[in-house]
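Beneath this line is the structure, given in C-alpha cells, with notes to follow.
Nothing in this text is a laboratory measurement; each read-out follows from the coordinates by a stated rule. Since this is a predicted model, take the numbers as computed values, not measurements. Heads up, the Cβs are rebuilt from the backbone with ideal geometry, glycines too, and the neighbour counts pull from every protein chain shown.
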Amino acid sequence: MATFTILFYISALALACVANQSGVNPGIKARVTQRGLDFATEIALGFVDKAVEDLSLPSFSGDSPVKYNVQNLNIDSFSVGNTRFTTAAPNVITPTIDNGAVAASADFSASKTFKVFGFSFTLSESGRLIASASDLDLSQRIGLGMDANGKPTFSVGDCDSHIGNLDVRVEGTKLDSVFNFIIGLFKETLKNELQKRICPAVKGALLKQASTVTQKFKLTFPFVSGTKVDLGLVCNPEATGNEFIVSLKGKCFPSSMPNLAFPFVAPSMPAISSTSKMACISVGPYVLNTLLYSMWNLGQLEKTFNVDKIGSVGDLSALLPPLAVIGNNPVQIVVRATGAPSVQLTTAGIGIDVSFEAVINAVLPDGTLQHAITASADVAVLAEARIDNGKIAGTIQTLDVTVTDAGIFPAELFNQLIQAFLPQAILPAVNGITEAGFEIPSLYDFRFSSASVAHKQNALEVCSDFAPH
C-alpha cells in the first residue's frame, strides 16, 4: 500500500523529540502544521479504503429473536466521508473518519419456529446476506516512537467505531421476502456485530502493513557525490498540539567510508518558525559541514585543468625564472582544497571558508610534469539563498580571495590583481551560475509549492506547501 507508506513516512518524520533527551543535537528539524496534516489525510484516503476493503471478519451466531449463523463475512467496499488528523502528547496521532460508508456480504443460515393454533412449524433457509452501512465513524489511535538506531516504531492503540444506520437484505433464498422480514428482527444485532469487528480488522491491517513498512524503512539515503545522509531520529518523538516537529540526525558520510569520524559535532539549532504553510524544514550547518568534509575525504574537492598553451613567456622568464620551465609547453593546473571547507549559517546568509592551493606544472614533450609554481589562497564566500519557480538559487554577496603564498612571487601583487578582477569579472561569472538555480527534487511524487527561505543563526529554513508532482 504505497499510500500507507507515504502516510507512515510523513507521520514518523513529522514528530518532535524532547529537548536534549538524547544529548545529541539534530542536523535537521521540520514542523508539519495542521494544513500539512490535512494534506497527509488526503494522501491517506486510498490507504484507508484498502485497509478496510477485502477484509474477512469472524463468523458469529445467535438465537434471539431468531436462530442464525453468519459466516464468511467480508467487507466489499469502503468509502470515507470527512477525514482529519489530531495529535495528543507525547507521541500519539489519531486519524478519524466521519460519515463513511461500508458494504459487506456473508453466507447466512437462519430458522424461526412459529406456533399457530397449537401447531408449531419451523422455517429455515440459507442464502447470501447483503449489508450496507452509512454514517460510519472511526477513530484509531497510533503511537510513534523510535528504536535504539533511531528508526521509527509504530503501535496501534484504542479504536472506536460506530455505525449510524444499517440496511440488510437477503438474496438466494426461496422466500426472500419472508427472510428479509426475519432478518429485520435482528438488524440491530447484526449492526452491533459488524460494528465491533471493524476495529480489530483495521488494527490487524495496520499492524501488518506497519511491520512491512518498518522493515523496509531506511535510515540512510543516497545523497550527492558518493555520499549518504543519515535521517534517523535523534530522540523519541512527541506530538505538540495539532502540529508535529521532527528532529533528525542529518549526518552525511561517504558511502565507501561509513565509519568516518568527524572533528566536530552538531551545534544547537533555533526553534522552527510558526508558519501558515504545510511544513517548515530547517537544515543546520552540521548537514553541510559533514557533506563537505566527506567530499574532501573522497578527494572530490580537487580539479585538474589542462591548458594547451599559456602564451609566450620568454620575455618574462628572465624576470620570473620559474616560468622558464613552461616555455611553449602545455600546462597542467591542479586546484585542491587543503582542508575541508567550513560552513556557517547566519542571519546574513550562508558563509563558506576554504583554503586552496594551485599547483602549476609544465607538461614536457615526453609527457612528464615539471613543477613551475605553487600558490595558496584563502577563499571566503557569503551567499543568500532563495527559491524561484521551483528552483533553489543563490546570489554571492561577497567573495574574498587572499593569496597567502605565491612561491618566490610577492603575494601582495597577486592580491591586487585579484581584487581588480573580482567585482568586474569573477563575481558576475559565479553569480551567473548560482542565480540560474537548481531544480528541487520531488519527494514521494510531491513537489514544493509557494516555498520561501529564511536565514537564521545555525539554520537555513524552508517553509512550503506541497502539491502532486
Task: Label-point separation, residue 424 to residue 452 (7 Å along Cα→Cβ), nm - done: 4.0
Task: In order through region 291-297: 3J(HN,Hα) via Karplus (6.51 cos²θ - 1.76 cosθ + 1.60), integer Hz, x for Gly, Pro - done: 5, 5, 5, 5, 5, 5, 5
Open item on the list: Taking the Cα centre as origin and putting +1 on Lys and Arg beta-carbons and -1 on Asp and Glu beta-carbons, what dipole magnitude results for region 220-468, to the nearest 20 debye?
Closed with: 420
Open item on the list: How far apart, in nanometres, would the label points at residue 211 and residue 378 be if each is projected 7 angstrom from Cα along the Cα-to-Cβ direction?
Closed with: 6.0
Task: Largest-first ellipsoid semi-axes for region 220-468, taking √(5λ) over the Cα gyration tensor eigenvalues, angstrom - done: 43, 20, 17
- [ ] Kindly flag which residue pairs out of 249/391; 151/203; 67/203; 151/208; 208/228 have an alpha-carbon separation exceeding 19 Å in this structure.
- [x] 249/391; 151/203; 67/203; 208/228
Open item on the list: Give me the one-decimal nm value for the distance between modelled label points at residue 120 and residue 306, 7 Å along each residue's Cα-to-Cβ direction.
Closed with: 10.5
Task: Segment residue 148-residue 265, length gained on full extension (0.36 nm per residue, minus Cα span) - done: 40.1 nm
